[in-house]
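Step one of this worksheet: look at the structure below.
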Amino acid sequence: RLQRNPLRILDSKHGDTQALLLGAPTLADALALESRERFEQVKAGLDALQIPYRLNPRLVRGLDYYSHTAFEITSTQLGAQATVCGGGRYDGLVEQLGGAATPAVGWALGMERLVLLLAQVDDSGSSAAAPDLYVVNRGPAAEAAALVLARGLRGQGLRVDLDPGGSAFGKQFKRADRSGAPWAAVIGEEELAQGVVLLKPLRGQGCGERSMALNDLPGLIAGLRP
């Protein structure tokens, strides 16, 4: 294994190998600058959304095509079999298979474990309908704020979508239009400083764009639902 595929050693469940790995360098010690910056961005997004996570420098997925971040999603409601989902980023895989260079992220999901979890969740409010609102961010400083805004609105029963990938402002608006959402909420550095969002109609509603306090947005959108 050491000669053919050292990564398999890191993924070994053998007791002696695990003991040996305790004194080995971690993958985090060998990150290139690009990977380190990308990882910090991932952590910043999780922190902004207050999603708890635990760094595991010895986490290794069982396939070799992953690049940058690998992850597992666990639940406290499943006992010893806590892992529900695992995956990571694999920017080079599609090209290796003969396609065009396509950045990607993917995962494998345990269906039985997901069914057990869904049985404990009230999904009566779920719907495949178009979102009530599409959140558009303007500038890097507003990306985390857009995530927090979307999550807060979802927590109040609204269907909210956004583009978390740092796309250009115009491209975000095109996606907002394609989503079917009647409204777009724009948040940028200026809006952040003022504690407001810019609400823009996307479907020819009878009112123009308006600036409004963040706290007033959920009630307004809920009241405008058809």
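The values are calculated or read from the model by the stated rules, or taken from the named source; none is laboratory data. Predicted model, so just to flag it, every value in this text is computed and none were measured. Reconstructed Cβ throughout: ideal geometry from the backbone, glycine too, with neighbour counts over all protein chains shown.
For (1) out of contact with any strand residue (DSSP E or B) (no Cβ under 7 Å at 6 or more places or on another chain); (2) at pLDDT 90 or above; (3) closer than 24 Å to E34 by Cα; (4) not aromatic (F, W, Y), each residue gets a yes or a no:
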site: E95; (1), (2), (3), (4): yes, yes, yes, yes
site: T102; (1), (2), (3), (4): yes, yes, yes, yes
site: L118; (1), (2), (3), (4): yes, no, no, yes
site: D132; (1), (2), (3), (4): no, no, no, yes
site: V136; (1), (2), (3), (4): no, yes, no, yes
site: G152; (1), (2), (3), (4): yes, no, no, yes
site: R175; (1), (2), (3), (4): yes, yes, no, yes
*Residue list for region 1-42, filter: surrounded by fewer than 13 Cβ atoms within 10 Å (Cβ to Cβ) and within 17 Å of the chain's Cα centre (by Cα)*: E37, E40
*Of all residues in region 156-165 being in a loop (DSSP other than H, G, I, E, B) and not charged (D, E, K, R), the one that is modelled with the highest pLDDT*: L158
*All but one of (1) outside any loop (DSSP other than H, G, I, E, B); (2) closer than 19 Å to K200 by Cβ; (3) touching a Gly at 6+ places or on another chain (Cβ under 9 Å) hold for A146; which doesn't?*
(3)
*Pairs, please: C-beta under 8 Å, at least 6 apart or cross-chain, first residue without any contact (Cβ under 8 Å) to a residue 40 or more places away in the chain and in region 175-200, second in a loop (DSSP other than H, G, I, E, B) and among the hydrophobic types (A, V, I, L, M, F, W, C)?*
D177/L202
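Yes or no: L198 touching a Ser or Thr at 6+ places or on another chain (Cβ under 7 Å) and either surrounded by 13 or more Cβ atoms within 10 Å (Cβ to Cβ) or closer than 13 Å to V135 by Cβ (or both)?
yes
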*Just wondering, is there one or more residues in region 122-130 that are at pLDDT below 90, part of a helix (DSSP H, G or I) and on the phi < 0 side of the Ramachandran plot?*
no
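Mind counting the residues in region 209-219 that are touching a strand residue (DSSP E or B) at 6+ places or on another chain (Cβ under 7 Å) and either farther than 18 Å from L147 by Cα or surrounded by 13 or more Cβ atoms within 10 Å (Cβ to Cβ) (or both)?
Here is the first cut: in region 209-219, the residues touching a strand residue (DSSP E or B) at 6+ places or on another chain (Cβ under 7 Å) are 209-214, 217.
Cutting the leftovers down to either farther than 18 Å from L147 by Cα or surrounded by 13 or more Cβ atoms within 10 Å (Cβ to Cβ) (or both) gives us 209-212, 214, 217.
Of the residues in region 209-219, 6 are touching a strand residue (DSSP E or B) at 6+ places or on another chain (Cβ under 7 Å) and either farther than 18 Å from L147 by Cα or surrounded by 13 or more Cβ atoms within 10 Å (Cβ to Cβ) (or both).
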*Return the residue satisfying two criteria in turn: it lies in region 166-195 and is exposed (fewer than 13 other Cβ atoms within 10 Å of the Cβ) and assigned to a loop (DSSP other than H, G, I, E, B), and of such residues it is nearest to the chain's Cα centre (by Cα).*
G166
_Pair list, Cβ under 7 Å, 6 or more apart: region 1-25 residue within 15 Å of R58 (Cβ to Cβ), other residue aliphatic (A, V, I, L, M) and part of a loop (DSSP other than H, G, I, E, B)_ = L7/V60; I9/L2; L10/V60; D11/V60
*Could you please find all residues in region 147-165 being crowded, with 20+ Cβ neighbours inside 10 Å and touching a helix residue (DSSP H, G or I) at 6+ places or on another chain (Cβ under 8 Å)?*
L147, L149, L153, V160, L162, D163
_Within region 59-67, does at least one residue satisfy the condition of being charged (D, E, K, R), exposed (fewer than 14 other Cβ atoms within 10 Å of the Cβ), in a loop (DSSP other than H, G, I, E, B) and in contact (Cβ under 8 Å) with a residue 12 or more places away in the chain?_
yes
